[in-house]
Amino acid sequence: MNVLANGLAKFFGVAASGQTYLNALYLLMSFPLGIFYFVFLVTGLALGFPLIIIWVGLLILAAVFAAWYGLLSFERQLAIAMLKEDIPPMVRQDLTHLNLWQKFVVAVSNPVTWKGLVYLFAKFPLGIFSFVVLVTLLALSAGLIATPFYYQY
């Protein structure tokens, strides 16, 4: 009997845990954030590369790169805060004695930067998928919970 009670407590304890709802909120937020990241990056990169010819594109690409690195940092902090996961820092080197160009070279040569770009682009389709699955399951659960009350009338 104790094993059954333990199993039921574990199973239904998920619904009582606050972390469950933080995880669901993170999944819901991934949809609008994924749309924003995708639109921002596609627009910035599609505008910056053709305008390299008139040198304005370099400024646009530099701004997109800085914003992209900021978005990676934001996503990292969001995952740490909401999912309670330990995520290593993006740069493990000491950058205090480097000038701006050397910091840029370190950031560009860091594979985390490029993996982060792939992650920001992948957040859009994965955000759509997780949003659809989460909303469907929430609606189905609410419908099944409400069925006895609806059936009574």
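The values are calculated or read from the model by the stated rules, or taken from the named source; none is laboratory data. Note that this is a predicted model, so its numbers are computed, not measured. Reconstructed Cβ throughout: ideal geometry from the backbone, glycine too, with neighbour counts over all protein chains shown. Remember, those area values only see protein heavy atoms, side chains included, never the ligands or the DNA or RNA. Shrake-Rupley method; radii C 1.70, N 1.55, O 1.52, S 1.80 Å.
What the table below lists for this structure:
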item	result
Global geometry of the stretch 58-105, whether rounded, prolate or oblate, following the gyration tensor of its Cα atoms and the 1.5 cut on a/c	oblate
Cleavage-rule hits (trypsin sites (Lys or Arg not before Pro)) in the stretch 50-153: DSSP loop, at most 10 neighbouring Cβ within 10 angstrom	Lys84, Arg92
Rounded D (µm²/s) - the chain, Kirkwood Rh over Cα pairs, Stokes-Einstein at 37 °C, 0.692 mPa s	172
The stretch 112-153 - percent of accessible surface contributed by carbon and sulfur, probe 1.4 Å	82
The chain: calculated mean residue ellipticity at 222 nm from DSSP helix runs of at least 4, using -39500 (n - 2.57)	-29000 deg cm²/dmol
log₁₀ of I(q)/I(0) at q = 0.27, 0.28 Å⁻¹ - the stretch 26-99, Debye sum with one point per alpha carbon	-1.15, -1.18
Solvent-accessible heavy-atom area per residue, rounded to whole Å², over the stretch 1-130 at 1.4 Å	67
In Hz, Karplus ³J(HN,Hα) per residue of the stretch 147-153 (6.51, -1.76, 1.60; θ = phi - 60°; x = Gly, Pro)	4, x, 6, 6, 5, 5, 9
Sparse-neighbour loop sites [chymotrypsin sites (Phe, Trp or Tyr not before Pro); the stretch 53-142; at most 16 other C-beta within 10 Å; DSSP]	Trp55
